[in-house]
1. Restricting attention to the range A:662-675, and to residues there that are touching a residue at least 40 places away in the same chain (Cβ under 8 Å) and either surrounded by fewer than 21 Cβ atoms within 10 Å (Cβ to Cβ) or more than 7 Å from chain B (Cβ to nearest Cβ) (or both), which single residue is nearest to B:ASN286 (Cα to Cα)?
2. I want to confirm something. Restricting to the range A:305-338 and keeping residues that are touching a Gly at 6+ places or on another chain (Cβ under 6 Å) and among the polar types (S, T, N, Q), which single residue is farthest from A:PHE1017 (Cα to Cα)?
3. In the range B:293-324, what count of residues is obtained for those that are in contact with a Gly (Cβ under 9 Å, 6 or more places away or on another chain), in a helix (DSSP H, G or I) and surrounded by fewer than 18 Cβ atoms within 10 Å (Cβ to Cβ)?
4. Among the candidates B:LYS460, B:LYS434, B:LYS488, single out the residue that is free of Cβ contacts under 8 Å to residues at least 24 places away in the same chain, basic (Lys, Arg) and either surrounded by fewer than 22 Cβ atoms within 10 Å (Cβ to Cβ) or more than 26 Å from B:LEU87 (Cβ to Cβ) (or both).
5. What are the residues in the range A:768-779 that are outside any strand (DSSP E or B) and of a type in the set (D, E, K, R), if any?
6. Restricting the search to the range A:606-661, which residues are within 30 Å of B:ALA46 (Cα to Cα) and in contact (Cβ under 8 Å) with a residue 24 or more places away in the chain?
7. Report, by residue number, each residue of the range A:508-560 that is away from chain B (no Cβ under 14 Å) and in a strand (DSSP E or B).
8. Residue under question is A:GLY382, and the condition is that it be touching a residue at least 40 places away in the same chain (Cβ under 8 Å), part of a loop (DSSP other than H, G, I, E, B) and touching a Pro at 6+ places or on another chain (Cβ under 9 Å); does it hold?
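The values are calculated or read from the model by the stated rules, or taken from the named source; none is laboratory data. Everything quoted here is computed from the prediction, not taken from an experiment. Cβ sites come from the backbone with ideal geometry, for glycine too, and all protein chains shown count toward neighbours.
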Amino acid sequence: MRKRSFVHLFHGQCAQLRLKVTTTANVVLLLLTFFFTQSVSAQATHTVKGKVSNAKGEALEGVSVTVKGTSIGTSTDAAGAYTLQAPNAQSTLVFSNVGYAEIEMPVNGQASVDITLQIGTADLNEVVVVGYGSQRKKDLTGAVSVVNTSEITKRQTTTVGEALQGLASGVVVRGGGQPGSEARVEIRGLKNLSGTNPLYVIDGMITTANRDFNPNDIESIQILKDASAAAIYGSRAANGVIIITTKRGKKGPMKVDFSAKTSTQTTPRWDLAGKDEFVALNYMAYDNAGVPRQNLNLNVNTDWQDAAFQTGNMQDYNVSFAGGGDNGSYMVSANYFDNKGTVISTGFDRLSFRVNSQGNKGIFSFGESLAITNAKSDEMSGNPYADVVRLLPTIPVYDDGNPGGFGYGNESMARTFGSNPVAMASLEDRALENFRVRGNIWGELKLRPWLKFRSNFGYETSNDNYMYKRKEGNWTLNQAYDPAIYNENRGRFESLLIENTLSFNQRFNKHSLNVIAGQTYQRDDYGQIWGTKRNILQNSSSGAYYWVLDQGSEPQTGGFLQKGILLSYLARAEYNFDDKYLLNAVVRYDGSSRLGRDDQWGTFPSVSAAWRLSNEEFFNVKGVNDLKVRVSHGQLGSSSGLGYWDYMPVINTFSTIVMGAGQNLFPGATQVRLANQGLRWEKLTQTNFGVDATVLDNRLSLTAEYFIAKTEDVLTFMPILMTTGNDGGNPAVNAASLRNTGFEFSGTWNGKAGRDFSYYVTANVTTLKNKILNLGYGRNNIFTGTTVTEIGTPAGMWYLLETDGLFQNQGEVDAYQNKDGIVIQPTAKPGDIRFVDHNGDGQITNDDKVVLGSPWAKWELGLNAGASYKNFSLSMNWFGSFGSKVYNGYRSLVDRFDDNSNYRAGIKPWTPENPNTDVPRAFYGSTLNSRGDTDRWLEDGGFFRLKFINISYSLPDAWVKKIGFSNAQISIAGQNLVTFTKFDGIDPEFNNASMFERGVAGFQFPNLKTYSAGIQFGF
Amino acid sequence: MKQLIKYVLAAGLVALLLPSCKKDLLNVENPNTITEEQFWQTEEDADQGVNAAYAMFYKPGGWSRWIYFRLDLTSDEGCSKSPWIELADWTRFQYVNYNFWEGNAITWRDTYKAIFRCNQVLANVPAIEFADNTKKDLLLAQAKFLRGLYYYYAALMWENIPVVLDVSKPDDLPAQVPVAQVWAQVEKDFSEALAVLPVEWGAVDKGRPTKGSASAFLARAQMQQHKWPEAKASLDYFFTGAGAGKYNLTTSFQDNFTHTNENNSESVFEIQFSDLNKGGDGDDPNQNMGHNRAQFFAPRGIGWSDGQARYWLVNQFKQERTIANTLDPRLRASLFYPALEADFGDKVYGRNWEWGGDEAWFRKYQRDYFRSNEDYFAQNNVRLVRYADVLLMYAEVLNEMDQTATAAQYVNTVRARSNIAALAVGQPASLLGKDAFRERLKVERALELCGESVRWADLKRWDDLTTAAKVAVVAQRDPDFNNFVVGKHNRLPIPQTEVLNNPNVVQNDQY
């Protein structure tokens, strides 16, 4: 088989869970209970009432009202009202709410304190979720980004990851675009050599926010970026943590929200030669080579991009119902998402439901989140983005002379091995469907106002079904015969999470202490069965096939199981003195079943501290509202990217042989893949320095961070020698160590002009450098085809032959000699590429390759800006990446003339009449000018792109109320509409998953241009 | 106090759900297969280990696909007009990217992958207790034979390579040795196998190597080193040794290439292909046991046509007719060529000739004898050594030992099967001396064995590639040899990553 792939989904299987009374835990609980019972004693109190509203005068519910310096507090009801008992009439109240600026208000003996909260100009007062608890953003000591959720829900994307692009500093997102595909998210650069995806925590369930997850359900997103922030999540947090909290109901009557979005999508297209230009160039290449021209069919003029691409669209309908009473609340949502792809015969649809509810009785409260989703994608066959380039304009889409009826070239008239994308779309059908249930339930006992015990049980399961249907017929020249084939696999994934935490929260005068300790257990199971049959039954009159595994012949079956367990103990202490000095310490003890039996456990501590200078007496700088410096240092363990049993060499029992006249079948068994036993934790040590400042009347907030992240014992599948005979993937090894250093800056300016106009601008700048400190197996470098990874330099540097223009005449060829007078390229002709003879040996060989640049961006920029005027608002997001060298795989195909593909429109190869060009002479049948391992294909990979723009209009309240709504908004938006780049492909924002070939732009699915319109209303 | 009791009860209930921190909770056994530690215990394990080494014949770097490009197409018998230029370049001495997977690296990798399997058997099986030690020795001998076979072809292709004899570890950086040491290892493996292997296997095991197989390969290795007396001694097995009278040429020449008459009287060693599994070529369940040669070598419009035959072969066949004054019947079975239908009445996969007037394709191992298309699951065995080859080898060895007159009879046997007159009658000039006889043998071998993966070794053994003048003669038959640089292209470049990543390996000279 030239190409053959089965979808392999991951994950595990079931084991018996042993339960046991941990008497120690009980004793500790009791002791704690007795010890702290007496801390707050009753005294003369003062009752305060009041109402909290926003600038429009609307009541705000759920606002936290606390007495400063105590743990006394409450929250406002649906009418914005609150009542609390302050310790005395001179107490100070603190009002805080997500999205609003915190306000401190002295009671001054009043019985009623009404407050108007302003939209959070300085979002430092936001409360952020930090894992097993929350903190005010201004109390953070680690690196945490809070994503503006309203920006996410405005975007039309399939997954959350895709929507995060440019919204937080240090977070890079690539990929997506293809229906049902998932984007790659990378937080603060390359930390290891096996994978970069961060950990997702959705409502406390440790999982992935894959395509099954409905982004409309998101209430808030926090991104934990450094080791001290992420440490509480331990071993899977080395790549950072994205914490997603979904919407929950609030006290009050039922609120209904409805939104609908519809979008049109177009794919960027290659700029390829039309028929006449192709024909002229093709003839030129054949003529120069002295090869008889092909008998091109000049009557055909196919635009393969027209044949393979279509205008896609997306529809996204979401409705939610939320409400609650004194003792409970609920939120129910339903979503239908449908995406017709920009490549023919591709699509994705998702149907999802969610129920979030919570309740409380006395000291007990509980909550649950439950999401049920069915997602189905009609997957792309082959790679049309490459095939439209490889196919010639003189090949017709349909050709009755071929089996199956499609055109794909002909040996004498159009030689190419491109595959006809229309034929593949018609003859092959791939679909992947997942039915997923994901939920968790938690219970909390408030043993004392300052002591809580919480248990969280999460469960997730999915049924995955992949179907591959192959009809009889051909899509490429000289294709091997295959009958109708049906392959199907079914898998079941299951993940169980059990967590128990005890948290302690107390204030003593100016001291505040939060302590949490607990345990977490997660088990993943996956099992799959698959079957394939050939010669599937066909209805001779209708031509339809019967796609069931009962039909056909030559059965093949298989199946496998996966199972992994993580068990951890964690503890965190947060100490705050007078809001000036903040200290945070975390320790985590992690055990993983994926590591060598003697190395399963690791202890990972981290500590962080912050000093709020602005609260010091001596600090009196005009215009500075808040100033905090912080430092953190922590260690995380990671086993991410490891397979389930990579530490154990196993026997492959799948080979069979035949012997004898009767074709007697004998089984074989042998070790195929080598293994390094004793795999141990990869350790990430990260130091982070940060400054947060809010200045100019809270209008400008700034954050700057510098970090050094060093990863040791990196678990990597480092290439080993082929002389080992290893196959089935390189063995995992604790091999390299590498360092990332980076600087992140984020600044937001909020401005107002007049009464009706306000605006904001946020800029995120990230610079990042990675450096290899050490490589495994005692090696100094790892070479792949086009790159080298060496100690002391970044990973995957370009390692290529250097070109030096073209030879213009025979004299230049003859004169190109080394110091000994050897003609370096004696067989070259005018118009051929001159290569640099770096080792001076008088010939061009692999030894002349040198390092020619880095695939890594020097800096990246996210720019968010928005403005509102009366009921109109505008927001946009720009993303830029600068300073990388990338390899243009597309140009290495269309700018070569040795092979038959289509050519780049407007290309002018060297001829004696056209000497001023960097394109060598067109020459069919010789790779010497078109070899892939040269810097001819390197380009500046920088770009600056308008990722998103949105204009929305809120219907005037007066109208809205008349029709019984509480709010209504219409909006139009666009994604990826404008790009500035010198890169000569269809998309500079490409994703290459290979760690060693990060900058190779092949034929990856591009980012699409999307135009959407939406309405949203609530009542 | 009542409250407190409530809390404690509640807390206790919750604590019930805490999973224990028992150490072995994390010890999750792999439910999918046995570990390496648990293997190599029984006779059955040993059996299966050896079988897995045979299964390497079905892998694409070797005998299911790419090795034919190295041995047949690179030689002057074949060429590639593939539109996949890089693939074609690798059959005409235009090696640019030494890591080119299909042209070089995969064959290198699969060679060592097979050697790794043999080494596992040779390292682990000796410690296994057998009821009958003869069986153990037979298994070890098979592993040695297979390892010898892989090193034999590796020596032909790359010459100076690392010789790995122990079970591999991930951090191995094995040292390269000069080709003479590789040959020494090849001879050692074949000799040790020869001592143990049987003269014949029972019906069920037919296809495993015999004393004849090992003798023939040992002789080949010796002949490549011009060790003529040693080679003669090895080949004597077929004429004066235990193998005498065991082998006969088949009546029908074509029977040596189809799936209908496998392991016949002429078979000395052949690879047992089958279409029982129509899976992929990875190490997965239902892996393919067929070869892809037929799909890759079928004419354009039928298969990939990445390889075809040089037309001089057609002319060569037509230079000498049978005693009955008909065309050499081997032409019909060996090649597709423009006049095939006119000469023998055969169409090409049922088609009229629609290709170039000076083009030809190999017909051996193609399956047009029973189907009109090709796929990746060809079941016809590839004969690595036929008795006809042994006869011609013996003749060559005798001639080199100045016994030309004795040598002629063995060539005549081969000619006679195709009803061609004896040399004395048909080619009397060839008997005039050692050199004349050798030149005639070169033709005889091409006529009998073209497309059977022996020509590259032949050209090297005959020293036809050692001077520019000799290469020029070869280039008259195959213009690809105009690119041939003496002292360089007689072996492939070692995959560049293997050179760069292993300090104990240097690239072959001139690359």
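1. A:ARG673
2. Here the answer is A:ASN327.
3. 0
4. On inspection, the qualifying residue turns out to be B:LYS488.
5. Selection gives A:ARG779 alone.
6. A:GLY643, A:TYR644, A:TRP645, A:ASP646, A:TYR647, A:MET648, A:PRO649, A:VAL650, A:ASN652
7. Across the range A:508-560, the qualifying residues are A:PHE508, A:HIS511, A:SER512, A:LEU513, A:ASN514, A:VAL515, A:ILE516, A:GLN538, A:TYR545.
8. yes
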